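Here's the structure we're looking at; comments come further down.
The values are calculated or read from the model by the stated rules, or taken from the named source; none is laboratory data. Remember, predicted model here, so these are calculated numbers, not experimental data. All Cβ positions, even for glycine, are placed from backbone atoms using ideal geometry, and neighbour counts span all protein chains on display.
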Amino acid sequence: MSNPLTAAILFATPLAVALAFWLLALRDRRRAGDPGSTGFFRRNGPVVGAFLLAATTFWILFMIVWPMLYMVDYSFHRKLPPSRRGGPDDVYTLENYWYFVYGSTRVFTSYNWVHINAFWQTIAVSVVITVANFAICYPLAYYMAQVARPGRLRVLLLLLIVPYWVNEILRAFAFMVLFGTGGTINKLLLAMGAISAPIDFIGLNVALYSGLTYAYLLLMVFPLYNAIESLDHNQVEAARDLGAPWWHIHLFVVMPFAKPGIASGCTLVFMLAAGALAAPLVLGGPKTLWFTPIVYDRFYQAFNWQQGSAYAIILLLTCVAFVMAVMRLFKVSLSEITR
Amino acid sequence: MTSRSVHRTMIGFYIALFFAFLFGPLVVMGITAFNTPSYPQVWPFEGFTLRWFKALLADRTLMEGFRNSLLIGTLVVCLAVPLGLAAAIVMTQVHARARSLYYLVVVSPVLTPGVILGISTVIFWSDVTRWTGAQGLYNGIFLATLGQSTFISAYCMLIFMSRLQRFDRAQEEAALDLGASRTQVFFHVLLPFLKPALLSAAVLAFLSSFENYNTTTFAILADKTLTTALAGRVRQGTTPAISALAVLITGVTLAGALLYELLRRREQARDEARALAAAAAERAGT
């Protein structure tokens with residue numbers, strides 16, 4: 001933060017918004033004259049009230065809002081040595097964003113294809129992984145929610161929860177063991193005589209893409225399951241009695257009902273895939289393009305935090321756009337997604 | 001009924017395939033932990049060994065990372081659970097006009113990629129350190145705790161919110177009528193009611209912190225946690241010692257997951273029993 005004015009704006013804005021809402025609430029209460037609604041401290045007592053206020057304020061301001069605004073501010077600055085920060089050279093600039101597009105902060109003749117391609121490829125592959133996850137998980141979720149008997153359901157749920165808690169790195173490592181040049185699959189294929197030389201699964205990105213698909217399966221299964229579970233099975237029966245073919249039932253009865261779950265699963269999987277760092281680092285080949293490791297390198301290889309911030313914001317905006325698109329497409333609210 | 005039985009076999013086949021995909025890689029990795037060759041290999045199985053587990057215990061970096069992970073996990077539980085609790089209670093009291101904005105803000109960390117939470121935490125606190133001159137703040141353990149808690153608090157809040165929905169305000173009013181102070185109501189009525197949610201939130205917070213990589217790798221600075229140390233090892237090359245670690249972690253998390261499930265089951269069973277008892281009492285009353 002260079003400019004004291006920006007600093008003041010940055011720190012004061014969230015406070016002003018909170019104050020505005022508080023005043024609004026006060027006015028409403030006075031106008032309504034409702035004796036049932038009492039003040040915050042009267043309602044919670046001084047000790048608990050202070051705790052609630054302090055904890056919530058700390059979380060929102062110091063952990064969510066200020067760091068985020070700060071990162072935005074950072075991304076519009078140049079990397080400067082500490083002695084020159086805040087000096088006359090420290091002006092607002094779009095340089096870091098231009099660097100993403102052109103690969104240079106001054107010359108705008110050629111594009112930064114490596115980063116742009118990595119970005120698009122990340123988005124495209126993440127979308128494909130999201131769709132694939134949905135296709136893989138939907139039948140299981142439907143089975144668990146509508147068909148399975150309680151005893152079997154309990155076993156299935158437990159079986160699903162276990163791998164959920166295996167660390168991301170270890171999952172990626174498992175795929176390395178499977179797909180490496182001397183890995184299990186290559187050995188198996190060689191022994192069967194299906195191939196004569198090992199296949200470079202890692203260089204072909206097979207390992208990465210299947211590892212990513214694998215990693216987020218469960219984040220798709222559970223929202224889908226929760227949504228489909230609340231569907232009254234009589235609706236399915238009714239549709240079947242009226243002669244609907246099975247795919248009609250799913251497309252026009254189950255899926256519209258399960259929309260919030262579908263939206264929730266899709267946003268989570270997309271966000272995690274596009275923001276995945278461990279899997280690309282471990283399973284990526286020398287030519288693999290993925291956006292998050294590039295962001296990481298801006299920070300800890302190039303030590304250019306300003307540029308890294310700009311890259312992070314590009315990623316963040318993409319995720320926000322995806323969440324909004326999903327909300328619009330499925331016509332669901334944010335609280336339905338995050339339930 | 002042949003079409004029905006065909007249908008059933010197909011579903012069975014699909015489920016078998018799904019779980020084979022889910023467990024296959026983990027089982028393969030698990031086997032390599034006990035095989036003698038120094039490259040993780042399943043087949044041929046050349047001989048059973050516990051060598052890789054010993055190699056693991058001798059690995060200083062991983063052990064130090066493990067200690068840091070335990071420390072950070074504990075700190076995250078101590079920070080994220082109270083924050084989530086406070087935010088969930090405030091959610092029930094916040095003015096209607098502000099509620100959707102408030103909800104958007106507190107739930108946004110769940111929908112933000114982990115790397116971004118790590119980045120923003122480090123940037124913010126590095127400058128806070130610069131202004132205040134308090135060098136102690138710019139510390140990997142502290143920053144990792146804060147960065148992880150940013151979203152883990154939101155998880156905890158969602159758990160508390162779903163439990164609070166079932167809270168009967170009449171209990172609170174009864175306690176107040178009987179002369180309890182507001183503070184007493186909080187500690188003797190609300191917290192006991194939230195106890196099962198507190199436990200699940202704590203378990204979830206610890207496990208989420210322990211396995212987190214994306215946020216931690218930015219926020220941990222020069223220190224190491226188990227996951228970041230592990231990532232370094234895995235990138236250097238594959239050794240069965242990592243498989244051995246996977247077996248250990250899977251064992252521990254399995255125990256944790258089972259415990260978590262058990263607690264949840266017990267809570268559910270208790271709730272159901274209570275509902276049954278209430279229904280019976282009502283019937284007896286009428």
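So B:Ala284 passes all but one of these: (1) within 19 Å of the chain's Cα centre (by Cα); (2) exposed (fewer than 10 other Cβ atoms within 10 Å of the Cβ); (3) of a type in the set (Gly, Ala, Ser). Which condition number does it fail?
Going through (1) within 19 Å of the chain's Cα centre (by Cα); (2) exposed (fewer than 10 other Cβ atoms within 10 Å of the Cβ); (3) of a type in the set (Gly, Ala, Ser) one by one, B:Ala284 breaks only (1).
Looking for whichever is modelled with pLDDT under 90 and either closer than 23 Å to A:Gly308 by Cα or within 11 Å of chain A (Cβ to nearest Cβ) (or both) here; the options are B:Ser149, B:Ser162. Which one fits?
Working: B:Ser149 fails: modelled with pLDDT under 90.
Every option except B:Ser162 fails the conditions.
Filter region B:182-206 down to residues that are at the interface with another protein chain (Cβ under 8 Å from one of its Cβ atoms) and touching a Gly at 6+ places or on another chain (Cβ under 6 Å) and give me whichever is nearest to B:Val122 (Cα to Cα).
My answer is B:Thr183.
The conditions are (1) over 23 Å from the mean Cα position of the chain (by Cα); (2) in a helix (DSSP H, G or I), and A:Ile202 fails exactly one of them. Which is it?
Unmet for A:Ile202, out of (1) over 23 Å from the mean Cα position of the chain (by Cα); (2) in a helix (DSSP H, G or I): (2).
Please go through (1) buried (at least 18 other Cβ atoms within 10 Å of the Cβ); (2) at the interface with chain B (Cβ under 7 Å from one of its Cβ atoms) for A:Ala145 and return the number of the only condition it doesn't satisfy.
(2)
Would you mind stating whether B:Ala174 is farther than 30 Å from A:Met71 by Cα, more than 13 Å from every other protein chain (Cβ to nearest Cβ) and free of Cβ contacts under 8 Å to residues at least 12 places away in the same chain?
Details: farther than 30 Å from A:Met71 by Cα: yes; more than 13 Å from every other protein chain (Cβ to nearest Cβ): yes; free of Cβ contacts under 8 Å to residues at least 12 places away in the same chain: yes.
It is true that B:Ala174 is farther than 30 Å from A:Met71 by Cα, more than 13 Å from every other protein chain (Cβ to nearest Cβ) and free of Cβ contacts under 8 Å to residues at least 12 places away in the same chain.
Output the number of the condition that B:Thr61 fails; it satisfies all remaining conditions of (1) free of Cβ contacts under 8 Å to residues at least 40 places away in the same chain; (2) of a type in the set (Val, Ile, Thr); (3) surrounded by fewer than 24 Cβ atoms within 10 Å (Cβ to Cβ).
The failed condition is (1).
Could you please find all residues in region A:270-295 being away from chain B (no Cβ under 12 Å) and modelled with pLDDT of 90 or more? I'd like the intermediate steps shown before the answer.
Here is the first cut: in region A:270-295, the ones away from chain B (no Cβ under 12 Å) are A:285-289.
Answer for region A:270-295, where residues must be away from chain B (no Cβ under 12 Å) and modelled with pLDDT of 90 or more: there is none.
Please give the number of the condition A:Arg298 fails out of (1) under 24 Å from B:Ser108 (Cα atoms); (2) touching a helix residue (DSSP H, G or I) at 6+ places or on another chain (Cβ under 6 Å).
Of the numbered conditions (1) under 24 Å from B:Ser108 (Cα atoms); (2) touching a helix residue (DSSP H, G or I) at 6+ places or on another chain (Cβ under 6 Å), the odd one out for A:Arg298 is (1).
Within region B:213-220, can one find any residue that is in a loop (DSSP other than H, G, I, E, B) and under 30 Å from B:Val28 (Cα atoms)?
First, pick out the residues of region B:213-220 that are in a loop (DSSP other than H, G, I, E, B): B:213, B:220.
Add one more test, that the residue is under 30 Å from B:Val28 (Cα atoms), and what stays is B:213.
Yes, that holds for at least one residue.
Do any residues in region A:142-163 that are not assigned by TED's automatic domain parsing to the domain that holds A:Val221 have Cβ atoms under 8 Å from those of residues that are part of a helix (DSSP H, G or I), where the two are at least six apart or on different chains, and which pairs are they?
none
For A:Ile169, which of the numbered conditions (1) more than 11 Å from chain B (Cβ to nearest Cβ); (2) on the phi < 0 side of the Ramachandran plot; (3) not basic (Lys, Arg) fails to hold?
Unmet condition: (1).
For region B:1-44, give me each residue that is within 27 Å of B:Leu230 (Cβ to Cβ), surrounded by fewer than 18 Cβ atoms within 10 Å (Cβ to Cβ) and more than 12 Å from chain A (Cβ to nearest Cβ).
B:Thr36
Look through A:Tyr225, A:Tyr311 and report the one residue that is out of contact with any Leu (no Cβ under 7 Å at 6 or more places or on another chain), farther than 22 Å from A:Asn205 by Cα and at the interface with chain B (Cβ under 10 Å from one of its Cβ atoms). Show your work before the answer.
Details: A:Tyr225 fails: at the interface with chain B (Cβ under 10 Å from one of its Cβ atoms).
A:Tyr311 is the lone residue from the list that is out of contact with any Leu (no Cβ under 7 Å at 6 or more places or on another chain), farther than 22 Å from A:Asn205 by Cα and at the interface with chain B (Cβ under 10 Å from one of its Cβ atoms).
Assuming A:Leu251 fulfils every condition listed in (1) crowded, with 16+ Cβ neighbours inside 10 Å; (2) of a type outside the set (Val, Ile, Thr); (3) assigned to a helix (DSSP H, G or I) apart from one, which condition is it?
Only one criterion is unmet by A:Leu251, namely (1).
Is it fair to say A:Ala321 is over 28 Å from A:Gly203 (Cα atoms), small (Gly, Ala, Ser), in the same structural domain as A:Leu268 (by TED's automatic domain parsing) and surrounded by 22 or more Cβ atoms within 10 Å (Cβ to Cβ)? Please lay out each step first, then the result.
Values: over 28 Å from A:Gly203 (Cα atoms): yes; small (Gly, Ala, Ser): yes; in the same structural domain as A:Leu268 (by TED's automatic domain parsing): yes; surrounded by 22 or more Cβ atoms within 10 Å (Cβ to Cβ): no.
Here the answer is no, as A:Ala321 does not meet what is asked.
From the list A:Pro150, A:Pro139, which residue is within 7 Å of chain B (Cβ to nearest Cβ) and either within 23 Å of B:Ala257 (Cα to Cα) or under 26 Å from the mean Cα position of the chain (by Cα) (or both)? Working first, answer last.
On the way: A:Pro150 fails: within 7 Å of chain B (Cβ to nearest Cβ).
None of the others qualify; the one that does is A:Pro139.
Going by what's in this entry, would B:Gly47 be described as surrounded by fewer than 16 Cβ atoms within 10 Å (Cβ to Cβ), over 31 Å from the mean Cα position of the chain (by Cα) and on the phi > 0 side of the Ramachandran plot?
Numbers: surrounded by fewer than 16 Cβ atoms within 10 Å (Cβ to Cβ): yes; over 31 Å from the mean Cα position of the chain (by Cα): yes; on the phi > 0 side of the Ramachandran plot: yes.
So B:Gly47 fits the description; yes.
Please go through region B:220-250 and give me each residue that is buried (at least 23 other Cβ atoms within 10 Å of the Cβ) and either aliphatic (A, V, I, L, M) or at pLDDT below 85 (or both), ordered by number.
Hits for region B:220-250 are B:Ile220, B:Leu226, B:Ala229, B:Leu230, B:Ala231, B:Ile242, B:Ala244, B:Leu245, B:Ala246.
Among the numbered criteria (1) facing another protein chain (nearest Cβ under 9 Å); (2) surrounded by fewer than 14 Cβ atoms within 10 Å (Cβ to Cβ), which single criterion is violated by A:Phe175?
With (1) facing another protein chain (nearest Cβ under 9 Å); (2) surrounded by fewer than 14 Cβ atoms within 10 Å (Cβ to Cβ) applied to A:Phe175, the lone miss is (2).
Considering only residues that are over 24 Å from A:Pro4 (Cα atoms), out of contact with any helix residue (DSSP H, G or I) (no Cβ under 9 Å at 6 or more places or on another chain) and part of a loop (DSSP other than H, G, I, E, B), which ones fall in region A:79-117?
Across region A:79-117, the qualifying residue is only A:Val107.
Is there a residue in region B:211-232 that is within 30 Å of B:Gly24 (Cα to Cα), small (Gly, Ala, Ser) and either facing chain A (nearest Cβ under 9 Å) or without any contact (Cβ under 8 Å) to a residue 12 or more places away in the chain (or both)?
Looking through region B:211-232, at least one residue is within 30 Å of B:Gly24 (Cα to Cα), small (Gly, Ala, Ser) and either facing chain A (nearest Cβ under 9 Å) or without any contact (Cβ under 8 Å) to a residue 12 or more places away in the chain (or both).
Where in region A:277-339 are the helices (runs of 4 or more DSSP H), entirely inside, with at least 2 residues that are closer than 19 Å to A:His77 by Cβ and touching a residue at least 40 places away in the same chain (Cβ under 8 Å)? Even if it seems obvious, please write down each step before you answer.
Details: elements: A:278-283, A:291-300, A:305-330, A:334-337.
Qualifying helices (runs of 4 or more DSSP H): A:305-330.
Could you tell me which residue of region A:296-319 is nearest to A:Ser104 (Cα to Cα), considering only residues that are of a type in the set (A, V, I, L, M) and at pLDDT 90 or above?
From region A:296-319, those of a type in the set (A, V, I, L, M) are A:302, A:310, A:312-317; that's our starting set.
Right, trim to at pLDDT 90 or above and you get A:310, A:312-317.
Working: A:Ala310: 14, A:Ala312: 18, A:Ile313: 18, A:Ile314: 17, A:Leu315: 19, A:Leu316: 22, A:Leu317: 22 Å.
Top of the filtered list is A:Ala310.
If you check B:Thr250, B:Thr238, which single one turns out to be facing another protein chain (nearest Cβ under 8 Å), over 26 Å from B:Phe142 (Cα atoms) and in a loop (DSSP other than H, G, I, E, B)? Break it down stepwise before answering.
Details: B:Thr250 fails: in a loop (DSSP other than H, G, I, E, B).
From the options B:Thr250, B:Thr238, the qualifying one is B:Thr238.
Confirm whether A:Gly182 is part of a loop (DSSP other than H, G, I, E, B) and at negative phi. Steps first, answer last, please.
Details: part of a loop (DSSP other than H, G, I, E, B): yes; at negative phi: yes.
Yes.
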